Amino acid sequence: MNIFISGSLAYDRIMDFPGKFSDYILPDKIHILNVCFTVNGMVEKFGGTAGNVAYSLALLGERPLILASIGKDYDRYFDWLKEHGISFEHIRIVESEFTAGAYITTDMSDNQITGFNPGAMRLPTDHDFADAVPEDTIVLIAPGNLQDMMAYAGKCREKGIRYICDPGQSLTQWKGGDLREWIRGSFMLISNDYELEMIMKITGLMKEDLLGMTGCLITTLGENGSVIRQPGGEKTVPVAKPGTVVDPTGAGDAYRAGLMKGLASGLDIESSAKMGAVAAVYTIEHYGTQEHAFTHDEFMKRFTDNFGQGGCRR
């Protein structure tokens, strides 16, 4: 099955401040804030919603197709994708911009200040799905270029292609009518619990109303697992047990990769969500969103250890 991932490609530049932001931000002077935090150093990681999901899908034996824009500093990212057997034929190179970048500074209390430059992500990729076979294609529309997000939902509906709405960090950019239209006719709407509340606020719809517009609601709940809501009722899927918790960043993207692997393999939604739970646990055991690795046999053993035999196949 062809799996398209529409979203972002980004470099995450991660820094640690050896102090507390609160010691240097004066509440009564917040209106004239002017402060510099000297950090211990910086590490660069590969990131972005499309890159993260595609990476875990590649570990699961799939060859996802990324729909995203990347900047003139694309060479390192392309080398990384090539190393993991991920195609970049549908990625648009924007020579006038840098690749999107997140500059994340964390203090000793785990507070974060992040600056984000969308860079090349400002430009759409405009893929037309001309060669896509509807019954053999699934599309994840993750946070990225808003023009692409809206356009791809329309193209999928027009061609009868299953698509999953994953608004995530893009929610602050949506208007109610556009968000309702985007969700209408989707195969699935996936979000965390906070994002679901935002979706309902922006659209003015309740969960039952949303289920009248999409086939399924999946809500991730962090350490409490995830909930699958369908017209016939709801089911809770527990988390898989981690060895150690190092960094939860990227767990949601890995969950989506496992979920899509299951759907592409013909599994039901509950079994696919369990695959998502197992994929997510690998990410939180590592620092960074594309630092984990596993073999098919390792994944299968972990699935069986957490959820028993059956319900998962390559």
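Please specify each residue of the range 258-298 satisfying the condition of being assigned to a helix (DSSP H, G or I), touching a strand residue (DSSP E or B) at 6+ places or on another chain (Cβ under 8 Å) and within 25 Å of Tyr11 (Cβ to Cβ). It would help to see each step written out before you state the result.
First, the residues of the range 258-298 that are assigned to a helix (DSSP H, G or I): 258-264, 269-284, 296-298.
Keeping just the survivors that are touching a strand residue (DSSP E or B) at 6+ places or on another chain (Cβ under 8 Å) gives 259-260, 263-264, 269-270, 273-274, 276-277.
Scanning the range 258-298 gives a single hit, Met260.
Would you be able to say whether some residue in the range 223-242 is in a helix (DSSP H, G or I), out of contact with any Gly (no Cβ under 8 Å at 6 or more places or on another chain), free of Cβ contacts under 8 Å to residues at least 60 places away in the same chain and closer than 28 Å to Pro118 by Cβ?
Residues of the range 223-242 in a helix (DSSP H, G or I): 223-224.
Imposing the further condition that a residue be out of contact with any Gly (no Cβ under 8 Å at 6 or more places or on another chain) reduces the set to 223-224.
Then drop every residue that is not free of Cβ contacts under 8 Å to residues at least 60 places away in the same chain, which leaves 223-224.
Narrowing further to those that are closer than 28 Å to Pro118 by Cβ: none.
Among the residues of the range 223-242, not one is in a helix (DSSP H, G or I), out of contact with any Gly (no Cβ under 8 Å at 6 or more places or on another chain), free of Cβ contacts under 8 Å to residues at least 60 places away in the same chain and closer than 28 Å to Pro118 by Cβ, which makes the answer no.
Scanning the range 16-63 for residues that are surrounded by 18 or more Cβ atoms within 10 Å (Cβ to Cβ), touching a Ser or Thr at 6+ places or on another chain (Cβ under 7 Å) and in a strand (DSSP E or B) returns Lys45, Gly47.
Of Glu234, Glu223, Glu208, all but one fail to be among the charged types (D, E, K, R), out of contact with any helix residue (DSSP H, G or I) (no Cβ under 6 Å at 6 or more places or on another chain) and closer than 26 Å to Asn111 by Cα; the exception is Glu223. Of the residues in the range 19-31, none is in contact with a helix residue (DSSP H, G or I) (Cβ under 6 Å, 6 or more places away or on another chain) and of a type in the set (A, V, I, L, M). Among the residues of the range 198-235, those that are closer than 20 Å to Tyr255 by Cα, more than 17 Å from the chain's Cα centre (by Cα) and surrounded by fewer than 16 Cβ atoms within 10 Å (Cβ to Cβ) comprise Gly215, Glu223, Asn224, Glu234, Lys235. Against the conditions (1) within 23 Å of Met1 (Cβ to Cβ); (2) touching a residue at least 24 places away in the same chain (Cβ under 8 Å); (3) part of a loop (DSSP other than H, G, I, E, B); (4) of a type in the set (A, V, I, L, M, F, W, C), Ala151 satisfies every one except (3).
Among the residues of the range 116-130, is any in a loop (DSSP other than H, G, I, E, B), surrounded by 17 or more Cβ atoms within 10 Å (Cβ to Cβ) and β-branched (Val, Ile, Thr)? The answer is yes, given that some residue of the range 116-130 is in a loop (DSSP other than H, G, I, E, B), surrounded by 17 or more Cβ atoms within 10 Å (Cβ to Cβ) and β-branched (Val, Ile, Thr). Residue under question is Ser96, and the condition is that it be of a type in the set (Ser, Thr, Tyr), outside any strand (DSSP E or B) and modelled with pLDDT under 95; does it hold? So Ser96 does not fit the description; no.
The values are calculated or read from the model by the stated rules, or taken from the named source; none is laboratory data. Keep in mind that what you see is a predicted model, and the values were worked out from it rather than measured. For neighbour counting, all protein chains shown are included, and Cβ atoms are generated from backbone atoms with ideal geometry for every residue, glycine included.
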